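The values are calculated or read from the model by the stated rules, or taken from the named source; none is laboratory data. Bear in mind the structure is a predicted one, so any value in this text is a computation, not a measurement. All Cβ positions, even for glycine, are placed from backbone atoms using ideal geometry, and neighbour counts span all protein chains on display.
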Amino acid sequence: MAECHPVGFQWVMEARLRGAKVFHIDPRFSRTSAVADRYLPIRAGSDIVLLGALINHVLSNELYFREYVLAYTNAATLVSKRFQDTEDLDGLFSGFDPETHRYDPSSWAYEGDEESEAEAAGADSYGARGAGASARPPSDPTLRHPRCVLQILKRHFARYTPEMVDELCGIPPEDFAELAEAITANSGRERTTAWVYSVGWTQHSVGAQYIRASAILQLLLGNMGRPGGGIMALRGHASIQGSTDIPTLFNLLPGYIAMPHAHRHEDLAHYLEMEGADTGYWGNRRSYLVSLLKSWWGDAATEDNDFCFDYLPRLTGDHGHYATVMGQIDGTVKGYFVIGENPAVGSANGKAQRLGLANLDWLVVRDLTLVETATFWKDGPELETGELRTGDIATEVFFLPAASHVEKEGTFTNTQRLLQWREKALDPLGECRSDLWFYYHLGKRIRQRLGDDEIDRPARELTWDYPEMGEHRDPSAEAVLREINGTGPDGRALSSYRELAPDGSTRCGCWIYCGVYADEVNQAARREPGSRQSWVAPEWGWAWPANRRILYNRASADPDGRPWSERKAYIWWDAEKGEWTGHDVPDFDLRKPPDYEPPDGARAEAALAGTDPFIMQSDGKGWLYVPSGLSDGPLPAHYEPHESPVLNTLYGRQSNPARRTYDRPENPYNPPGSARFPYVFTTSRLTEHHTAGAMSRSLAYLAELQPELFCEVSPQLAAEVGLVNGGWATIVTSRTAIEARVLVTERVRPLRVQRQIIHQVVMPYHWGYGGGGLVTGDIVNDLLPVVLDPNVYIQESKAGTCAVLPGRRPRGQALLDLIEEYRHG
Amino acid sequence: MADGGWISRWPVIRQLKGEDGRRDAARSARTDALRPRTEEADTVARSVCPYCAVGCGQLVYVKDGKVSQIEGDPGSPISRGRLCPKGSASKQLVTHPGRQTQVLYRRPYGTEWERLDLETAMDMIADRVVRTRRETWQETHEGKEVRRTLGIAGLGGATLDNEENYLMKKLYTALGAIQVENQARI
């Protein structure tokens, strides 16, 4: 965090000054390790073992926050008799189909829910929210029933012991004990513990389950919805949170509404019936979706035509980034827009990316500089090896220069869900334009070219009128933000998603952002200085939803609505006024008393009790066990990375059985257990550079601060391989070989794993061959295979295997020969 | 500042006499006369750093139609005026000479970039979208209505504004393009 989010890290340092203990668990010693109380090096790809052992420690020593767990989680809920755990099936959950490598999750359901619609989830079916479950499933408040969630958890995690942590993570028992003691001593009524993670947890073939493991631990310790608690995803880009909320993602519509699926959804009514439960806030999904359709198709969207639900194109499976690249190589994808992104350097298996680009009819790249994705036909590494020739590449390339963040106005959503409006400082130079300009004017031009054909109707009837401003006729970003916010029947801006209606009388482009333009005021532009308001700072920007700064903050009070402790008071019930109050906007129905019991047949939020803080869930509980919505199991289980030098000694399954692989010539994998690739390989970032480097390699200050690609290795590894500090190393995988300067340092500690020494090689991935960079270097992501988490289709970037050789890599055909030699020995 | 003649006020002399060279004894008449260029700015825009997702406040100073400085915004309760090395260097991000300001075009099998004016490029791109969409249109797939194209795809970075992502998703969806992706997955 100190390395990649340095200014955010000032708050960790403040907490430390006030007595907080900071642990840093990372394969790499970074600037964070340098200032933490304890640094625990861990083998990349083994975190579920560590988290599982912490869960086991909490459960077997009865250290969980019993009152919180009983009231606010599904610990007491009974699970179907048909459910079988990894304990029963040696690393598989019930429902696995070995032919398709997919699970049928119906046996994971709560008792009584087995017959309801359940389908293997995954990014292409449930979007982000998961399916529903009963609002009031059978439960055992004594927590003794063998099929209640808590007992299932106890059995499932029993094998996650400190000895296993020692054996698989390389963390000795005394270090584990110190961590376990710290997190349990600092949780409960008076204290909270927070977990902070980044892509070191997500970029794995079992990545979503890393986060699930952390969620279980935090729920057991009562650290969710409370100040100083939580699980913080430190996101790496200025508006990557916004890119998920208002997604340019294939499986989602704005506000985490799933895209319709051809085989699952017939019409609007059928879609609404299939996509989740009727209880909890998702019970209002008709209002959210109809308001979105009204926003896009305006008066053309009527009750009679299902509000143009049929205008939405249908999914039939995985249409994610890597599936798209394979489609390019196979020739189905003809035209490609790359907007402020540089997949030729930033995505896994860069060669596959560039082969895809080279097989397009046309490519549009918009960026500040000539990134490698725009110039692959001129200077890509495949030209040097002879795999591609410029004169043979048919791709027509348009490069359009983009406006920078100061040359346009609009909102970013930061890592804490906070929307901040940026004022425009000046006009962009030359032909630079904002992406808002580009898509608005492209849309206008496309619409001019459409005829009366039925296939053109959705684009023809699309609402596409925005006020144009200035010399370049920029569309008004505020008008777009206001459309996102939504309007009521009177045409006035709405102030809350609670005003959205299911009958088409309201419009809203993204329901969770409803309120950002409340009272016809751009709330994201608010700038009351921090020194002039409370520590929660509610008047700086606007956080979704409803300007709430901590989600599920009803859980900061006990079931009766009183703060768990004075020290941790945040939101509480004011019986006199009959409403929730406190330091933040309550994430709960303002006037729903703690003793509210839902009547039979209640739906949406009315179906949740006054003690149900997790209002997006169908039962209002924090899910220790996930009965539906995940594609690789209701509980996290440790599986080794697809490429690993270590045997999974926890189960008879080496890797995530549901992971997605691409067995194609462009994407060879290191042979399992191959002695030719003995070292663990992971990628990282540096303070002075940004992701694939397009926004940092071209800046003189930053290029001078970190001029060259390097690999950090321990003195032991250097001696084993023959590496010299300041010299060169070649890192080899089945995809390619790259070269880097060697930094020999004792910061990198070899780990003792399964009675052998495991060396880890960590490399920052900011360099490339061009991109207007003042400094260049080999592309680290070229080493990575494409193997994906089955829930979200993220690639496994953070744990692989490699070989290391002294010296520079060969050039031309000799490079291909070297890789062949390593692949086949 | 110390009393006495100009020689005794000379910073080197004062530092040799034991005054702390990191404080007042570092000051000279020249440094006292220096003014920050932020004071001379014509306008100041309240902005946000474009690198990581912490969302540090930035103040963008403009003088004579050019960005003259970018500073941390002390009002921000998130960053309290601070910026990291990248945020501090972001004036270079918007002013460095490697920024492209012209449309470039590479024709099929071409070996060099060519110039193209923006209006022509926009028309050519619109033509290609319309043509490719028509050529790759799928009305049905495995017997189910899908009304889409798999011939056009998009990949966006995560420094796009919410408003930009919104128009992108809206337009792609209305055109039936579904392979719309973002760094947020990767």
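Selection of segment B:91-110 for residues being over 20 Å from A:Trp377 (Cα atoms) and either hydrophobic (A, V, I, L, M, F, W, C) or not in a loop (DSSP other than H, G, I, E, B) (or both) yields B:Lys91, B:Gln92, B:Leu93, B:Val94, B:Thr95. For segment A:426-465, a tally of residues being among the acidic types (Asp, Glu) and assigned to a helix (DSSP H, G or I) returns 3. Any residue that is out of contact with any Ser or Thr (no Cβ under 8 Å at 6 or more places or on another chain) and more than 8 Å from chain B (Cβ to nearest Cβ) - is there at least one of those in segment A:390-402? No, there is no match, as no residue in segment A:390-402 is out of contact with any Ser or Thr (no Cβ under 8 Å at 6 or more places or on another chain) and more than 8 Å from chain B (Cβ to nearest Cβ). Under the condition of being touching a Leu at 6+ places or on another chain (Cβ under 7 Å) and in a helix (DSSP H, G or I), the residues counted in segment A:345-365 number 1.
Out of the residues in segment A:517-546 that are at negative phi and assigned to a helix (DSSP H, G or I), which is surrounded by the most Cβ atoms within 10 Å (Cβ to Cβ)? Ranking the candidates gives A:Ala524 first.
Filtering A:Val333, A:Val406, A:Val371, A:Val338 for residues that are of a type in the set (Val, Ile, Thr) and more than 8 Å from chain B (Cβ to nearest Cβ) leaves a single hit, A:Val371. At least 3 residues being buried (at least 21 other Cβ atoms within 10 Å of the Cβ) is the threshold, and among the helices (runs of 4 or more DSSP H) wholly inside segment A:244-342 those reaching it are A:285-297, A:321-330. Among the candidates B:Ile186, B:Ile152, single out the residue that is touching a strand residue (DSSP E or B) at 6+ places or on another chain (Cβ under 6 Å), facing another protein chain (nearest Cβ under 7 Å) and without any contact (Cβ under 8 Å) to a residue 60 or more places away in the chain. Exactly one residue qualifies, and that residue is B:Ile152. I want to confirm something. Restricting to segment A:679-696 and keeping residues that are more than 19 Å from B:Ile186 (Cβ to Cβ) and surrounded by 21 or more Cβ atoms within 10 Å (Cβ to Cβ), which single residue is farthest from the other protein chains (Cβ to nearest Cβ)? By that ranking, first place goes to A:Val680. Scanning segment A:471-495 for residues that are surrounded by fewer than 15 Cβ atoms within 10 Å (Cβ to Cβ) and closer than 21 Å to B:Asp123 by Cα returns A:Glu471, A:Arg473. Quick one: is B:Gly57 surrounded by 13 or more Cβ atoms within 10 Å (Cβ to Cβ) and more than 8 Å from every other protein chain (Cβ to nearest Cβ)? Against the criterion (surrounded by 13 or more Cβ atoms within 10 Å (Cβ to Cβ) and more than 8 Å from every other protein chain (Cβ to nearest Cβ)), B:Gly57 does not qualify.
Exactly one residue among A:Glu712, A:Glu720, A:Glu666 is assigned to a loop (DSSP other than H, G, I, E, B) and either among the charged types (D, E, K, R) or in contact with a His (Cβ under 8 Å, 6 or more places away or on another chain) (or both), and that residue is A:Glu666. Taken over segment B:128-149, the criterion of being more than 7 Å from every other protein chain (Cβ to nearest Cβ) and either closer than 17 Å to A:Phe337 by Cα or assigned to a helix (DSSP H, G or I) (or both) is satisfied by B:Arg131, B:Arg133, B:Arg134, B:Glu135, B:Thr149. Return yes or no: is B:Val94 surrounded by 19 or more Cβ atoms within 10 Å (Cβ to Cβ), free of Cβ contacts under 8 Å to residues at least 24 places away in the same chain, within 18 Å of A:Pro401 (Cα to Cα) and touching a strand residue (DSSP E or B) at 6+ places or on another chain (Cβ under 7 Å)? No: the conditions fail for B:Val94. Applying the selection to segment A:548-588, what residues are touching a strand residue (DSSP E or B) at 6+ places or on another chain (Cβ under 9 Å), without any contact (Cβ under 8 Å) to a residue 24 or more places away in the chain and assigned to a loop (DSSP other than H, G, I, E, B)? Result: A:Arg562, A:Ala569. Output yes when any residue across segment A:55-67 is within 23 Å of the chain's Cα centre (by Cα), away from every other protein chain (no Cβ under 14 Å), over 17 Å from A:Asn223 (Cα atoms) and modelled with pLDDT of 95 or more, and no when none is. Among the residues of segment A:55-67, not one is within 23 Å of the chain's Cα centre (by Cα), away from every other protein chain (no Cβ under 14 Å), over 17 Å from A:Asn223 (Cα atoms) and modelled with pLDDT of 95 or more, which makes the answer no. When segment A:1-42 is limited to residues that are among the acidic types (Asp, Glu) and free of Cβ contacts under 8 Å to residues at least 40 places away in the same chain, the one that is nearest to the other protein chains (Cβ to nearest Cβ) turns out to be A:Glu14. Just one of the listed residues (A:Gly430, A:Gly509) is surrounded by fewer than 18 Cβ atoms within 10 Å (Cβ to Cβ), modelled with pLDDT of 95 or more and at the interface with chain B (Cβ under 9 Å from one of its Cβ atoms), and it is A:Gly430. Each residue in segment A:375-400 was checked for being crowded, with 24+ Cβ neighbours inside 10 Å and either within 27 Å of the chain's Cα centre (by Cα) or under 30 Å from A:Glu478 (Cα atoms) (or both), and 2 of them qualify.
Across segment A:417-427, the qualifying residues are those that are surrounded by fewer than 24 Cβ atoms within 10 Å (Cβ to Cβ), among the charged types (D, E, K, R) and in contact with a Lys or Arg (Cβ under 9 Å, 6 or more places away or on another chain), and the one among them that is nearest to the other protein chains (Cβ to nearest Cβ) is A:Glu423.
Scanning segment A:75-112 for residues that are within 17 Å of A:Ala277 (Cβ to Cβ) and over 29 Å from the mean Cα position of the chain (by Cα), we see that the one that is modelled with the highest pLDDT is A:Ser80. The criterion of being under 25 Å from A:Glu431 (Cα atoms), surrounded by 15 or more Cβ atoms within 10 Å (Cβ to Cβ) and in contact (Cβ under 8 Å) with a residue 24 or more places away in the chain does not hold for B:Ser79. Of all the listed residues (A:Trp542, A:Trp580), the sole one being over 31 Å from the mean Cα position of the chain (by Cα) and aromatic (Phe, Trp, Tyr) is A:Trp580. Of all the numbered requirements in (1) within 9 Å of chain B (Cβ to nearest Cβ); (2) in a loop (DSSP other than H, G, I, E, B); (3) in contact (Cβ under 8 Å) with a residue 60 or more places away in the chain, A:Thr411 misses one, and that requirement is (2). Can you find even one residue in segment B:120-127 that is at the interface with chain A (Cβ under 7 Å from one of its Cβ atoms), small (Gly, Ala, Ser) and farther than 23 Å from A:Gly346 by Cα? Scanning segment B:120-127 turns up at least one residue that is at the interface with chain A (Cβ under 7 Å from one of its Cβ atoms), small (Gly, Ala, Ser) and farther than 23 Å from A:Gly346 by Cα.
Residues that are under 26 Å from the mean Cα position of the chain (by Cα), part of a loop (DSSP other than H, G, I, E, B) and in the same structural domain as A:Phe65 (by TED's automatic domain parsing) occur at least once in segment A:154-174.
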